[in-house]
Ligand SMILES: *Cc1c(COP(=O)(O)O)cnc(C)c1O
């Protein structure tokens with residue numbers, strides 16, 4: 001794995017600035033306000049020191065998909081003399097129930113809630129910590145059988161049951177497009193996610209708010225922004241020239 005050097009710091013900084021301007025451009029094209037779309041810097045490809053270089057470049061929201069890695073990086077960050085205080089972590093990957101306890105105190109948002117047993121465990125642990133954890137529901141709107149995520153058809157009953165769990169707060173939906181999908185397919189899938197969100201707002205009325213749509217990655221953030229994404233999860237584009 002590449003190690004952090006002054007040279008990688010300058011590459012990461014350039015990448016961060018380019019990703020920011022690409023996202024701004026996509027907002028402008030879509031007629032949206034740039035402040036309405038946040039970039040989650042997906043740091044799963046690199047170690048803690050390189051992740052820190054991304055933070056130093058200006059990225060303050062980090063996404064990790066493996067709990068152990070998140071714990072390790074969090075600890076490493078915490079041990080630095082100049083540890084940045086404004087960094088928040090999002091859990092974006094499949095989440096096993098036995099990892100919940102150690103992860104909750106470290107994350108600001110769980111983006112990958114995809115089953116009720118997990119929701120119950122998260123709720124119980126959040127209650128012990130006396131916190132309310134914001135969560136997104138990971139929905140599967142694709143035909144890929146390999147994808148995780150709650151089938152869209154199960155969303156209404158899932159929300160109904162999750163709403164009775166007081167220590168989790170549902171803030172919106174997270175989704176991915178089909179693997180290797182063409183631009184128009186990705187866009188249709190993201191439109192489906194937005195439609196699903198609107199359907200849930202109609203169905204559940206004032207009892208729920210779903211302001212967040214986390215969708216779009218390095219290859220399809222433009223399509224996602226065009227369809228209403230409020231968070232894009234960008235990995236590869238931030239690590240160009242550093243990995244692979
Ligand atoms: C890796 C990952 C991303 C980032 O994907 P890139 O194509 O590298 O930008 C986004 N979301 C999830 C859930 C991921 O696992």
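The values are calculated or read from the model by the stated rules, or taken from the named source; none is laboratory data. As the structure is a computational prediction, the values presented were derived from the model and not from experiment. Here the Cβ is made from the backbone with ideal geometry for all residues, glycine too, and neighbour counts use every protein chain on show.
Table for the structure above
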quantity	calculated
Filter result for residue 23 (crowded, with 18+ Cβ neighbours inside 10 Å, in contact (Cβ under 8 Å) with a residue 40 or more places away in the chain and in a helix (DSSP H, G or I))	yes
Complete set of residues in the range 195-244 that are on the phi > 0 side of the Ramachandran plot and part of a helix (DSSP H, G or I)	205
First in the range 60-78 and under 19 Å from residue 97 (Cα atoms), second anywhere and within 13 Å of the ligand (Cβ to nearest atom) and assigned to a helix (DSSP H, G or I), Cβ under 9 Å, 6 or more apart	64/70
Tally of residues being outside any helix (DSSP H, G or I) and either surrounded by fewer than 22 Cβ atoms within 10 Å (Cβ to Cβ) or in contact with a strand residue (DSSP E or B) (Cβ under 6 Å, 6 or more places away or on another chain) (or both) across the range 44-53	3
Subset tally (residues that are at pLDDT below 95 and out of contact with any helix residue (DSSP H, G or I) (no Cβ under 8 Å at 6 or more places or on another chain)) for the range 121-150	7
Qualifying residue in the range 34-43 (condition: assigned to a helix (DSSP H, G or I), closer than 23 Å to residue 94 by Cα and more than 16 Å from the ligand (Cβ to nearest atom))	no
Residue, nearest to the ligand (Cβ to nearest atom), within the range 94-103, restricted to residues that are crowded, with 19+ Cβ neighbours inside 10 Å and either more than 17 Å from the chain's Cα centre (by Cα) or at pLDDT 95 or above (or both)	103
Top-ranked residue in the range 128-153 [being more than 16 Å from the ligand (Cβ to nearest atom) and surrounded by 15 or more Cβ atoms within 10 Å (Cβ to Cβ); ranked as farthest from residue 72 (Cα to Cα)]	152
Residue that is modelled with pLDDT under 95 and within 12 Å of the ligand (Cβ to nearest atom), where the choices are 244, 205	244
When residues of the range 157-194 are limited to those that are outside any loop (DSSP other than H, G, I, E, B) and loosely packed, with under 14 Cβ neighbours inside 10 Å, the one farthest from the ligand (Cβ to nearest atom)	160
Only one of 79, 72, 56, 7 that is surrounded by fewer than 19 Cβ atoms within 10 Å (Cβ to Cβ), away from the ligand (no atom under 16 Å from the Cβ), more than 27 Å from residue 172 (Cβ to Cβ) and at pLDDT below 95	79
Scope the range 208-226; condition closer than 26 Å to residue 162 by Cα and away from the ligand (no atom under 14 Å from the Cβ); matching residues	208, 209, 210, 211, 212
